[in-house]
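Trainee: Take this structure, written in structure tokens, and hold onto it; I'll ask about it next.
The values are calculated or read from the model by the stated rules, or taken from the named source; none is laboratory data. In this text the structure is predicted, and so the values were computed from the model without any measurement. Because the Cβ atoms are built from the backbone with ideal geometry, glycine has one as well, and the counts that use them run over all protein chains shown.
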Amino acid sequence: MSNFEDLLDRVLQGCIDGYGGMTKAERLSGGASQETYRIELVQDGKPLTLAMRRAADGEELPEDSTYPGLAVEAKLMQVAKAAGVPEPEIYHVLKPEEGLGPGFIMEWLDGETLGARINKIPELDEIRPKLAYQCGQVLARIHGIDLEATSLANDLTPHSTEEFVRTMWDRYLEMDTPQPMIDYSARWLLDHLPPDNKLCLVHNDFRNGNIMVTPEGIRAVLDWETALIGDPVRDIGWICTNSWRFGRRHLEVGGFGKLEDLLDGYEAESGIRVDPAHVKFWEVFGSFWWAIGCLGMAARWREGSDATVERPGIARRSSECQADCVNLIIPGPVTLVTETKPLTSINMPRTDELLSSVRDFLRKDLRTELHGRNAFLSLVASNSLDIVLRELTLGPAHTANEHARLRALLDTDGEVVDLRRKLCEAIRDKSMSLDGSRLIEHLRTTVINQLAIDQPKYSALAAALEQN
């Protein structure tokens, strides 16, 4: 038995009644800050499965981290469970002297957590139409938790809505990656701030993919690691954000239900009827937030802190979120550029042929020989090559058109990236009005054409073309 298993065995002896020994401790996943384990043991002569969440390598996060910590996360789940929110039972919160680092041991629950599968597997056909209403009920229970009585007011950071917007905008500005639609969205959000009438417990990542679902309904609310105190409608807008509908854009709530049903469930539980315009604000914020989060993946890849092939591919998804912002706040007709022959330096093999051969090798040959995460990453790599192939045929015309529009809009000349920066600065310092027709047409056309390169199957492209 390894030192880790020995330490875990001692912890289980102290917190599980009738403990008869551990038979397996398997790490299921791990990221920059979290590890998840499936623990199999014997209790009173019968098999029992538990789960454990632990900080990566058992190391505490830096003190200046905004993450409240695993002990607070466990407390949030316990408090939520007491308020009627579906949660696993917490058996034990790890102590420093136990040698495993921060974490907690909890009940193992079975259910579906993958958002795309929740939206389509036959086993959930009967419950799926009821999930939006249940989400409304669950969110009302979360938002109704007494922060003072539970002492969560001492554990979590309050965020006003304006502070939330400005914090994200500042994070984007630090990247020095001029994206005019992100600046436009930030200005729009600050011009449409809803009142901070009541700050509540906010899960802050309540979406399809962070709820566990069974044929009976919501089994558990997962991933409390970004919880805060703020506007409760943030949670409603986030689960309605198009990124978490998994292609089913006409079903606003996670791609499985209607907003009206969620608001009905929320009102039935809380007595509060949420204004859909308030939800739209947080839906715009959700796309703005994730557009910046995607760009952050590129920053992490460039600095070497997360140098996997997955990060640059995710970074290109920023155009998906920017397109969602376009469709929400400046919808209208848009024209796509037509394909041209791909740029190449020699006739045979052409650049696109070389790229296609590598893509097909990764997707069709190598992927079948790999397993687990490496098989997934080979698909990610092949998808990145698809983006490059589309850029070869669509990029030149797209960039040339963007350049021409920028010169006309700013009445000056320069390289594309320099003109983008000038436009961002004009939006930021308010020297350019948000309602100018030429600005709106430029942003819409630029973002939607970029999406056609980055991810033409993303539902925002079809939504934008419906305006034509």
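Trainee: Which of the numbered conditions does Glu73 fail, given that it passes all the others? Conditions: (1) exposed (fewer than 15 other Cβ atoms within 10 Å of the Cβ); (2) acidic (Asp, Glu); (3) in a helix (DSSP H, G or I).
Mentor: (1) is the only condition that Glu73 fails.
Trainee: As an exercise: evaluate Pro96 against (1) touching a residue at least 12 places away in the same chain (Cβ under 8 Å); (2) over 18 Å from Leu222 (Cβ atoms) and give the number of the one condition it does not meet.
Mentor: Checking Pro96 against (1) touching a residue at least 12 places away in the same chain (Cβ under 8 Å); (2) over 18 Å from Leu222 (Cβ atoms), the one that fails is (1).
Trainee: Could you check how many residues of the stretch 410-468 are assigned to a helix (DSSP H, G or I) and either surrounded by fewer than 21 Cβ atoms within 10 Å (Cβ to Cβ) or touching a residue at least 24 places away in the same chain (Cβ under 8 Å) (or both)? Break it down stepwise before answering.
Mentor: Initially, the stretch 410-468 is screened for residues assigned to a helix (DSSP H, G or I), giving 410, 416-428, 437-454, 459-465.
Remaining after also requiring either surrounded by fewer than 21 Cβ atoms within 10 Å (Cβ to Cβ) or touching a residue at least 24 places away in the same chain (Cβ under 8 Å) (or both): 410, 416-418, 420-428, 437-454, 459-465.
Within the stretch 410-468, residues that are assigned to a helix (DSSP H, G or I) and either surrounded by fewer than 21 Cβ atoms within 10 Å (Cβ to Cβ) or touching a residue at least 24 places away in the same chain (Cβ under 8 Å) (or both) number 38.
Trainee: Taking the condition crowded, with 18+ Cβ neighbours inside 10 Å, out of contact with any Asp or Glu (no Cβ under 9 Å at 6 or more places or on another chain) and of a type outside the set (S, T, N, Q), does Gly304 pass?
Mentor: no
Trainee: If Gly136 meets every condition in (1) closer than 21 Å to Tyr266 by Cα; (2) touching a Lys or Arg at 6+ places or on another chain (Cβ under 7 Å); (3) not basic (Lys, Arg) apart from one, which number is that one?
Mentor: Among (1) closer than 21 Å to Tyr266 by Cα; (2) touching a Lys or Arg at 6+ places or on another chain (Cβ under 7 Å); (3) not basic (Lys, Arg), Gly136 violates only (2).
Trainee: Looking at (1) of a type outside the set (Asp, Glu); (2) touching a Ser or Thr at 6+ places or on another chain (Cβ under 8 Å); (3) surrounded by fewer than 20 Cβ atoms within 10 Å (Cβ to Cβ), which is the only condition Arg171 fails?
Mentor: Evaluating Arg171 over (1) of a type outside the set (Asp, Glu); (2) touching a Ser or Thr at 6+ places or on another chain (Cβ under 8 Å); (3) surrounded by fewer than 20 Cβ atoms within 10 Å (Cβ to Cβ) leaves (2) as the failure.
Trainee: Anything in the stretch 147-168 that is touching a residue at least 40 places away in the same chain (Cβ under 8 Å), assigned to a helix (DSSP H, G or I) and not polar (S, T, N, Q)? List them, or say none.
Mentor: Within the stretch 147-168, Leu152, Ala153, Phe164, Val165, Met168 qualify.
Trainee: If you don't mind, there's one more thing I want to ask. Just give me the residues in the stretch 223-254 being outside any helix (DSSP H, G or I), under 21 Å from Leu147 (Cβ atoms) and in contact (Cβ under 8 Å) with a residue 40 or more places away in the chain, in sequence order.
Mentor: The first filter runs over the stretch 223-254 and keeps only residues outside any helix (DSSP H, G or I), leaving 223-232, 241, 245-254.
This time we only want the ones that are under 21 Å from Leu147 (Cβ atoms), so: 223-232.
Answer for the stretch 223-254, where residues must be outside any helix (DSSP H, G or I), under 21 Å from Leu147 (Cβ atoms) and in contact (Cβ under 8 Å) with a residue 40 or more places away in the chain: Trp224, Glu225, Thr226, Ala227, Leu228, Ile229, Gly230, Asp231, Pro232.
Trainee: Considering only the stretch 352-365, state which residues are crowded, with 17+ Cβ neighbours inside 10 Å and without any contact (Cβ under 8 Å) to a residue 24 or more places away in the chain.
Mentor: Leu362, Arg363
Trainee: A follow-up question, please. Using the structure shown, decide if Pro349 is within 23 Å of Leu451 (Cβ to Cβ) and surrounded by 12 or more Cβ atoms within 10 Å (Cβ to Cβ).
Mentor: No, not satisfied.
Trainee: Would you check if Glu87 is over 14 Å from Thr214 (Cα atoms), in the same structural domain as Cys15 (by TED's automatic domain parsing) and not polar (S, T, N, Q)?
Mentor: No; evaluated as a whole, the condition is false for this residue.
Trainee: Just to be sure, is Tyr67 of a type in the set (Phe, Trp, Tyr), surrounded by fewer than 17 Cβ atoms within 10 Å (Cβ to Cβ) and either in contact (Cβ under 8 Å) with a residue 12 or more places away in the chain or out of contact with any helix residue (DSSP H, G or I) (no Cβ under 6 Å at 6 or more places or on another chain) (or both)?
Mentor: The answer is yes for Tyr67.
Trainee: Another question, if that's okay. Quick check, is Trp282 in a helix (DSSP H, G or I), at negative phi and surrounded by 21 or more Cβ atoms within 10 Å (Cβ to Cβ)?
Mentor: Values: in a helix (DSSP H, G or I): yes; at negative phi: yes; surrounded by 21 or more Cβ atoms within 10 Å (Cβ to Cβ): yes.
The answer is yes for Trp282.
Trainee: Moving to a separate point now. Scan the stretch 190-215 residue by residue and report those that are part of a loop (DSSP other than H, G, I, E, B), out of contact with any Leu (no Cβ under 9 Å at 6 or more places or on another chain) and surrounded by fewer than 21 Cβ atoms within 10 Å (Cβ to Cβ).
Mentor: Residues satisfying the conditions are His192, Leu193, Pro194, Pro195, Asp196, Asn197, Lys198.
Trainee: Ok, one more. Could you check how many residues of the stretch 80-112 are over 23 Å from Leu228 (Cα atoms) and not in a strand (DSSP E or B)?
Mentor: Result for the stretch 80-112: 11.
Trainee: If you don't mind, another one. From the list Ile272, Ile218, exactly one residue is touching a residue at least 12 places away in the same chain (Cβ under 8 Å), outside any helix (DSSP H, G or I) and buried (at least 18 other Cβ atoms within 10 Å of the Cβ). Which is it?
Mentor: Sole residue among the options that is touching a residue at least 12 places away in the same chain (Cβ under 8 Å), outside any helix (DSSP H, G or I) and buried (at least 18 other Cβ atoms within 10 Å of the Cβ): Ile218.
Trainee: Tally time: how many residues in the stretch 313-346 are more than 18 Å from Ser459 (Cα to Cα) and surrounded by fewer than 14 Cβ atoms within 10 Å (Cβ to Cβ)?
Mentor: If we filter the stretch 313-346 for residues that are more than 18 Å from Ser459 (Cα to Cα), which is where we start, we get 337-346.
Now restrict to residues that are surrounded by fewer than 14 Cβ atoms within 10 Å (Cβ to Cβ): 338-341, 343, 345-346.
The number of residues fulfilling the criteria is 7.
Trainee: Condition check: in contact with a Gly (Cβ under 6 Å, 6 or more places away or on another chain) and of a type in the set (Gly, Ala, Ser). Does Gly230 satisfy that?
Mentor: Working: in contact with a Gly (Cβ under 6 Å, 6 or more places away or on another chain): no; of a type in the set (Gly, Ala, Ser): yes.
No: the conditions fail for Gly230.
Trainee: Related question: Restricting to the stretch 223-237, name every residue that is of a type outside the set (Asp, Glu), surrounded by 20 or more Cβ atoms within 10 Å (Cβ to Cβ) and out of contact with any Asp or Glu (no Cβ under 7 Å at 6 or more places or on another chain).
Mentor: Let us first name the residues in the stretch 223-237 that are of a type outside the set (Asp, Glu), namely 224, 226-230, 232-234, 236-237.
Narrowing the set further to residues that are surrounded by 20 or more Cβ atoms within 10 Å (Cβ to Cβ) leaves 224, 227, 230, 232-234, 236-237.
Answer for the stretch 223-237, where residues must be of a type outside the set (Asp, Glu), surrounded by 20 or more Cβ atoms within 10 Å (Cβ to Cβ) and out of contact with any Asp or Glu (no Cβ under 7 Å at 6 or more places or on another chain): Ala227, Gly230, Pro232, Val233, Arg234, Ile236.
Trainee: Before we move on, is Lys341 in a helix (DSSP H, G or I) and of a type in the set (Lys, Arg)?
Mentor: Numbers: in a helix (DSSP H, G or I): no; of a type in the set (Lys, Arg): yes.
Criteria not met by Lys341.
Trainee: Related question: Is it the case, given these coordinates, that Val326 is β-branched (Val, Ile, Thr), in contact with a helix residue (DSSP H, G or I) (Cβ under 7 Å, 6 or more places away or on another chain) and farther than 30 Å from His192 by Cβ?
Mentor: no
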